[in-house]
Amino acid sequence: MSIKVINQVMQTNDYNLFKKLEGNRNVNRVHVKRLTDNFKTKYLVCPIIVNQDYEVIDGQHRLEAAKQLELPVNFIICNDYGLQEVQLLNSNTSNWRKVDYLNAFCDLGYPEYLKFKIFMDSYPDFGIAASEAILTGLLSGTKSGSVSKDIATNASGSMAVKYFENGDLEIPDFKLSKILAQKILQIQLFYDGFNRASFVRAMLGVLRNENYDHDVFINRLKMQPNALYHCSNVGQYKQLIEDIFNYRSRSKVSLKF
């Protein structure tokens, strides 16, 4: 058996030696907290990867956790590594689910995430995606923001900030969110998909429309209780809701915009 030494593992307590690679994602506080908890139990030899300029290619969170606990940093130098290698390494890493971020930020005592958890406990019929839409008023899991934060490309190809994962959740009006949830829950009698994220987003859109009257919509559903059915996207749901709302009405209104 032939063994070849390629990159040797080195160790240091000089945390200032290492630099952030420009364009790399920001350090996530939840990941660091999770690692520090693990390191307190047992600090395994898991080297970070840096390039010849000591820019961190892989292991930003392990570096920060070691620094907080004043533990030595194990590292390997890989010459000529850069942002492309960072992206390749990240693509092979398992992603946290949104509920994992929710629980982690709740453990850290973040007030908005604690309110989010209270909402989900109060309205267990809604999943995390639907709850997020109701609580934030956003119709997707991202919002516009500075490119200095973690960036994701949304379905339209534009840039968006992953605020939930960064600990930047904001709930503008918790009381209003509960009112909206109650209104959507009324539809449960007529449609078993009332809690689907796409349907909830469609309902939130029409609830903002000045032409919409929720009591009228419920009455229309009573007249045709099987009118709602599964749709592929928010736009199709809005069209269906508008058709039901205008059922047997002389003056048709638009709810899609």
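The values are calculated or read from the model by the stated rules, or taken from the named source; none is laboratory data. Computed from a predicted model, the values in this text were never measured in an experiment. A quick note on method: Cβ atoms are made from the backbone with ideal geometry, for glycine too, and the neighbour counts reach across all protein chains shown. These accessible areas exclude ligands, DNA and RNA; they are computed on the full protein's heavy atoms, side chains included. Shrake-Rupley method; radii C 1.70, N 1.55, O 1.52, S 1.80 Å.
Listing for the model above:
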| read-out | value |
| --- | --- |
| Matching strands (runs of 3 or more DSSP E) fully within the stretch 25-135 where at least 1 residues are open to solvent by 80 Å² or more (accessible area, probe 1.4 Å) and of a type in the set (S, T, N, Q) | none |
| Residue within the stretch 29-46 that is within 17 Å of Glu85 (Cα to Cα) and within 30 Å of the chain's Cα centre (by Cα) present | no |
| Checking Gly167 against (1) more than 24 Å from Lys115 (Cβ to Cβ); (2) part of a loop (DSSP other than H, G, I, E, B); (3) open to solvent by less than 30 Å² (accessible area, probe 1.4 Å), the condition it does not meet | (1) |
| Answer from Leu255, Leu207, Leu185 - the residue that is farther than 30 Å from Arg29 by Cβ and touching a Phe, Trp or Tyr at 6+ places or on another chain (Cβ under 6 Å) | Leu255 |
| Members of the stretch 172-203 that are within 24 Å of the chain's Cα centre (by Cα), in a helix (DSSP H, G or I) and closer than 11 Å to Leu228 by Cβ | Phe199, Ala202, Met203 |
| Single residue of Val253, Val216, Val206 found to be assigned to a helix (DSSP H, G or I), touching a residue at least 12 places away in the same chain (Cβ under 8 Å) and farther than 23 Å from Phe126 by Cα | Val216 |
| Options Phe75, Phe126; residue that is in contact (Cβ under 8 Å) with a residue 40 or more places away in the chain, closer than 30 Å to Ile187 by Cα and of a type in the set (Phe, Trp, Tyr) | Phe126 |
| Subset of the stretch 1-24 that is touching a residue at least 24 places away in the same chain (Cβ under 8 Å) and assigned to a helix (DSSP H, G or I) - its residue that is surrounded by the fewest Cβ atoms within 10 Å (Cβ to Cβ) | Leu17 |
| Given (1) modelled with pLDDT of 95 or more; (2) open to solvent by 30 Å² or more (accessible area, probe 1.4 Å), index of the condition Tyr247 fails | (1) |
| Qualifying residue in the stretch 204-227 (condition: loosely packed, with under 12 Cβ neighbours inside 10 Å, on the phi < 0 side of the Ramachandran plot and of a type in the set (Phe, Trp, Tyr)) | no |
